[in-house]
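Here the structure comes first, spelled out in structure tokens, and everything after it is commentary.
Every number here is computed from the coordinates shown, using simple stated rules; none is lab data. In this text, all values refer to a predicted model and were calculated from it rather than measured experimentally. Glycine gets a Cβ as well: all are built from the backbone with ideal geometry, and neighbour counts include every protein chain shown.
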Amino acid sequence: MSVKICPTCNKRYVVDNNISDYVHVCNSGNLAIDQEDIVVTGNWEEGDGSTGKKGAQEVMRQGAENKLFGKRADIEGIRQQDLTPRGKRKSTHRQRQVDTYINFTGEGLD
């Protein structure tokens, strides 16, 4: 058994010496590291069974909202939207758990 460190979340994990690859589920306690932003382009389904539905009209207009609508700042051209911990717009992106694929042989990742 070997103790290794995940390159994404810097957490330790233990693997057998004879395996060639490993999928590490990052769980550092920091959502900015443990999740990733995915652009929503329609209906989606994750491997864990979670799903989301967005029609074509919703996808076309997503990201158009402005929290300052009708205020002086909006008239002056300032836009304010809800952001994820990684700085992407919540209205156009969804978050999912990061699974880091680690290849110990170093082959086939070009």
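Things worth noting here:
- Here's how it looks for D21: its modeled amide H is under 5 Å from those of F104, which are all 5 or more places away or on a different chain.
- Placing unit charges on the Cβ atoms only, positive for Lys and Arg and negative for Asp and Glu, gives the chain a dipole magnitude near 700 debye about its Cα centre.
- Restricting region 1-99 to chymotrypsin sites (Phe, Trp or Tyr not before Pro) in coil, as DSSP defines it, with at most 14 other Cβ within 10 Å: F69
- Only aspartates and glutamates eight or more places from K90 in sequence, or on another chain, were considered; those with a Cα closer than 19 Å are D34, E36, D37, E45, E46, E58, E65, D82.
- Per the Debye formula on identical point scatterers at the alpha carbon atoms of region 2-103, with no solvent, log10 I(q)/I(0) at q = 0.13, 0.14, 0.17, 0.24 Å⁻¹ is -0.66, -0.72, -0.90, -1.23.
- Rounded to the nearest 500, the 222 nm mean residue ellipticity of the chain from helices alone is -2500 deg cm²/dmol, with -39,500 (n - 2.57) taken per DSSP H run of at least 4 residues.
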